[in-house]
1. Residue check, Trp255 against (1) part of a loop (DSSP other than H, G, I, E, B); (2) of a type outside the set (S, T, N, Q); (3) at pLDDT below 85, all met but one. Which one?
2. Taking the stated definitions as given, is Met335 under 23 Å from Pro147 (Cβ atoms), buried (at least 21 other Cβ atoms within 10 Å of the Cβ) and among the hydrophobic types (A, V, I, L, M, F, W, C)?
3. Counting residues that are in contact with a helix residue (DSSP H, G or I) (Cβ under 7 Å, 6 or more places away or on another chain) and charged (D, E, K, R), which helices (runs of 4 or more DSSP H) fully inside the stretch 280-365 reach at least 1?
4. Can you find a residue in the stretch 212-222 that is more than 26 Å from Trp397 (Cβ to Cβ), in contact with a Gly (Cβ under 8 Å, 6 or more places away or on another chain) and either modelled with pLDDT of 85 or more or small (Gly, Ala, Ser) (or both)?
5. Could you please give the count of residues in the stretch 156-174 that are among the small types (Gly, Ala, Ser) and more than 15 Å from Phe22 (Cα to Cα)?
6. Name every residue in the stretch 371-391 that is closer than 13 Å to Gly301 by Cβ, among the hydrophobic types (A, V, I, L, M, F, W, C) and buried (at least 21 other Cβ atoms within 10 Å of the Cβ), in order of residue number.
7. Report yes if Gly239 is touching a Phe, Trp or Tyr at 6+ places or on another chain (Cβ under 8 Å) and either crowded, with 20+ Cβ neighbours inside 10 Å or assigned to a helix (DSSP H, G or I) (or both), otherwise no.
8. Could you give me the residue pairs with C-beta distances under 7 Å whose first residue belongs to the stretch 98-115 and is touching a residue at least 12 places away in the same chain (Cβ under 8 Å) and farther than 14 Å from Tyr39 by Cβ, whose second residue is surrounded by fewer than 22 Cβ atoms within 10 Å (Cβ to Cβ) and of a type outside the set (A, V, I, L, M, F, W, C) wherever it lies, and which are 6+ apart or on separate chains?
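The values are calculated or read from the model by the stated rules, or taken from the named source; none is laboratory data. Keep in mind that what you see is a predicted model, and the values were worked out from it rather than measured. In this analysis, Cβ positions are derived from the backbone assuming ideal geometry, glycine residues included, and neighbour counts consider all displayed protein chains.
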Amino acid sequence: MNALRFLRGNIRWLGAGTLLAFASSFGQTFFISLMGGQYRAELGLSHGAFGGLYMAATLLSALTLVHAGGIADRMSARRLGALVMAGLAGACLLMSQVGNAAMLFVAIYLLRFLGQGMLTHLEVTAIARWYAATRGRALAVASWGHPVGEGALPAIVALLLTLMAWREVWMVMAGVLALVLVPVYLLILREERRPQGSAESAPERMTGLRGRHWTRAEVLRHPLFWWLVPVLMGSPLIGTAVLFHQAHIAEIKGWTLAQLTAGFPLYAALSVVASLAFGVLVDRFTARRILPLYMMPLGIGIVTLGLFDGPWVAFAALGGVGMTAGAGMATVGAMWAELYGTRHLGSIRALSVAAMVFSSALGPGLTGILIDLGIGFEAQCVWMGTYCLAMTPAIHWLMRREGALPARA
């Protein structure tokens, strides 16, 4: 299919998915941490206290998502997306008014649950349900909202902080969500989409393994799910740990922070490129066959970070993180639909998203504890990168073992 024709013919649904991905930025670690120094200074929190509070709020948001994620199966993406973005605007307003640690905890919990949790979950669930033959490419395009947010919002916030206080910045973001993003989302998503261009002409026919739709209870009894969840937790755990410890990395490598952050444009660019490339591969070969490859760039980049010291290493490490992040957006979302069907996709994906949110909270805390115990971050990188590289044959073997791939795949 011609790429431009695909984009033109699907602009409203792809645009809705991209908007959901972009809006999730307001609940992502990179955005909330931009003003971390201000929270700590005004509320008298130490680095450890703020980190612990953040981890606890994120873990609670993951637990909530397990129970709330099934709403995506019962409510239209149009209505649910607008409601969640409106709720996220309210969380931004609450963040602008925090006066103590308890209020900060609640605000961060809501930002994480509604932003990183529900909006990301709805984005992938809706796209995976709307598309069949072109699911990989559709997920790839919709995921562009993430690197756009990561590339644009830090600079915008930095500019706003020169003009106003951090509390006012959060008020501005609440206004952007409520007055701009919600109306635009409702305007472009006037109707839901049914898959076209394949034998799977309706969501109810997009079955999974054994030609049927799996319920969440059945998935929880399926061994492959429990093997895959810890594997898929590796990418958010490692990627978040690298971003969280970027100042520490610059210090131990002898870099300036500017030398390290110079790699972020490459991170965003490779995330987009990888999402497109893996999206095409998923449509051609299926996500189940492509999944084993998606952690290889992360593994190579993180091992490089652990073994070498030149400033060029920042580009290799952040480039690897970005490539795996982009590949994961195109691959993981499609995989759950292929394995377990689409009828209960929301409640099933909620389990995996909750696990990923949990790992994004665990990564900074666990690696920080190991640093305190004398296990340097560079040594940790070697082990984490080796783990990622070992996943390529391991995931392929698991898929074959549980019947998700033909015996000679």
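1. (3)
2. Values: under 23 Å from Pro147 (Cβ atoms): yes; buried (at least 21 other Cβ atoms within 10 Å of the Cβ): yes; among the hydrophobic types (A, V, I, L, M, F, W, C): yes.
For Met335, the condition - under 23 Å from Pro147 (Cβ atoms), buried (at least 21 other Cβ atoms within 10 Å of the Cβ) and among the hydrophobic types (A, V, I, L, M, F, W, C) - is met.
3. 287-290, 312-340
4. Looking only at the stretch 212-222, we keep the residues that are more than 26 Å from Trp397 (Cβ to Cβ), and these are 213, 215, 217.
Add one more test, that the residue is in contact with a Gly (Cβ under 8 Å, 6 or more places away or on another chain), and what stays is 213.
Filter once more, so that each one left must be either modelled with pLDDT of 85 or more or small (Gly, Ala, Ser) (or both): none.
No, because not a single residue in the stretch 212-222 is more than 26 Å from Trp397 (Cβ to Cβ), in contact with a Gly (Cβ under 8 Å, 6 or more places away or on another chain) and either modelled with pLDDT of 85 or more or small (Gly, Ala, Ser) (or both).
5. Taking the stretch 156-174 and keeping what is among the small types (Gly, Ala, Ser), we get 158, 165, 174.
Then keep just the ones that are more than 15 Å from Phe22 (Cα to Cα); that gives 158, 165.
Total meeting the criteria: 2.
6. Cys381, Met384, Cys388
7. Details: touching a Phe, Trp or Tyr at 6+ places or on another chain (Cβ under 8 Å): no; either crowded, with 20+ Cβ neighbours inside 10 Å or assigned to a helix (DSSP H, G or I) (or both): yes.
Against the criterion (touching a Phe, Trp or Tyr at 6+ places or on another chain (Cβ under 8 Å) and either crowded, with 20+ Cβ neighbours inside 10 Å or assigned to a helix (DSSP H, G or I) (or both)), Gly239 does not qualify.
8. Taking only residues 6 or more apart or on different chains, the pairs are Phe113/Thr64; Leu114/Gly87.
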